[in-house]
Amino acid sequence: MMINVTIWNEGRHEKEDAEVGAVYPKGIHNCIAEFLGTNEDLNIRTAVLDDADNGLPEDVLESTDVLLWWGHMAHECVPDELVEKIYNRVMRGMGFIALHSAHFSKAFKRLMGTTCSLKWRDGDRERLWCISPGHPIAKGIPESFIIPVEEMYGERFDIPTPDEIVFMGWFKGGEVFRSGCCWNRGLGKVFYFQPGHECNPTYHIPEVQRIITNAVYWAAPEKVVDEIECPWVPAPEESYDGPNK
Ligand code: ZN
């Protein structure tokens with residue numbers, strides 16, 4: 001069965017900063033689209049903030065199974081109405097993968113219900129530890145691997161306690177971070193993944209590509225509904241203990 005994947009990127013850093021443009025000449029979204037696109041059962045679309053309807057008109061959002069989100073400098077430019085539509089879509093079954101600085105995106109904060117704040121420092125070195133090797137997102141990932149240059153994100157990360165933690169980040173400065181976290185929200189599955197600062201070639205690293213690919217398959221919906229219902233139901237004609245008297 002085909003999985004419809006939409007990769008949403010703010011797309012501003014790549015345009016405005018030559019250093020970022022050199023790392024991701026086609027934009028972060030197209031870099032991710034290229035490696036995800038090698039899987040024949042993934043139907044990939046990309047969208048950026050400056051597209052019409054911010055890249056997510058109704059028909060695109062409604063036909064998306066898994067939405068990936070990269071944003072940083074323009075979180076506030078995403079309309080609240082769109083955030084509510086994304087939230088509703090996740091409740092009805094869509095998967096949502098928040099990448100790196102999307103920890104502060106409106107949609108991720110709405111899904112978490114907390115501030116999602118953290119500590120940060122540019123230009124550190126990270127060792128990413130896989131602490132749930134039996135998890136589907138960890139498939140094919142070694143016990144640990146090094147990301148030579150990555151932005152340090154440190155605890156405390158103000159998130160609700162994850163349902164599962166798959167990866168822990170450890171940085172040169174000694175800080176640790178819950179770098180790969182899973183939640184169930186409504187019928188939808190949410191994954192947060194910390195590596196991916198715009199100045200670093202993190203999305204070119206094979207292990208990172210494998211993790212994001214695994215996450216897409218994990219987050220694909222098991223069940224999708226058209227609307228959220230809270231129905232009144234009549235008493236059954238037969239009780240579970242036998243016929244009603
Ligand atoms: Zn960053």
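Just so you know, all these numbers are worked out from the coordinates, no wet-lab data involved. All values reported here derive from a predicted model rather than from experimental measurement. Reconstructed Cβ throughout: ideal geometry from the backbone, glycine too, with neighbour counts over all protein chains shown.
Brief remarks on what is shown
- Only one residue of CYS116, ASN9, PRO79 has its Cα farthest out toward the positive end of the dipole of the chain, where Lys and Arg carry +1 and Asp and Glu -1 on Cβ, and that residue is CYS116.
- Anisotropy class of the stretch 87-150 from Cα gyration tensor, a/c 1.5 cut: oblate
- Rounded, prolate or oblate (a/c below 1.5 giving rounded, otherwise prolate when a/b exceeds b/c) for the stretch 1-64 by Cα gyration tensor: oblate
- Rounded to the nearest 20, the Cβ-based charge dipole of the chain about its Cα centre (Lys and Arg +1, Asp and Glu -1) stands at 720 debye.
- Spatially proximal lysines relative to LYS106 (Cα-Cα < 23 Å; intrachain offsets below 8 disregarded): LYS15, LYS85, LYS119, LYS189
- Dipole orientation for the stretch 149-245: of the candidates MET152, TYR240, VAL166, MET152 has the Cα lying most toward the positive pole (charges on Cβ; Lys, Arg +1; Asp, Glu -1).
- The calculated 222 nm mean residue ellipticity attributable to helices in the chain amounts to -6500 deg cm²/dmol, summing -39500 (n - 2.57) over DSSP H runs of n ≥ 4 and dividing by all residues.
- Cβ-Cβ FRET estimate between ALA18 and GLU222, R0 fixed at 45 Å, reported to 0.05: 0.55
- Charged-residue dipole, Cβ positions (Lys, Arg, Asp, Glu), the stretch 128-233 about Cα centre, Debye nearest 20: 240 debye
- The residue list PRO206, TYR217, CYS230 was ranked by how far each Cα lies along the charge dipole of the stretch 177-233 toward its positive end, using unit charges on Cβ atoms, and PRO206 comes out on top.
- Axis angle, to the nearest 10 degrees, between helix 80-91 and the longest C-alpha principal axis of the chain: 60 degrees.
- Three-way shape label, the stretch 17-137, alpha-carbon gyration tensor, a/c 1.5: rounded
- Two-site label geometry, CYS230 and ASP50: point separation in nm, points 7 Å out along Cα→Cβ: 4.2 nm
- Sparse-neighbourhood loop sites, trypsin sites (Lys or Arg not before Pro) in the stretch 146-180 - DSSP loop, at most 15 other Cβ within 10 angstrom: ARG156, LYS172
- Electrostatic dipole magnitude of the stretch 1-104 [Cβ: Lys, Arg +1; Asp, Glu -1; Cα centre; debye, to 20]: 240 debye
- Cα centroid separation, the stretch 109-154 to the stretch 1-38: 20 Å.
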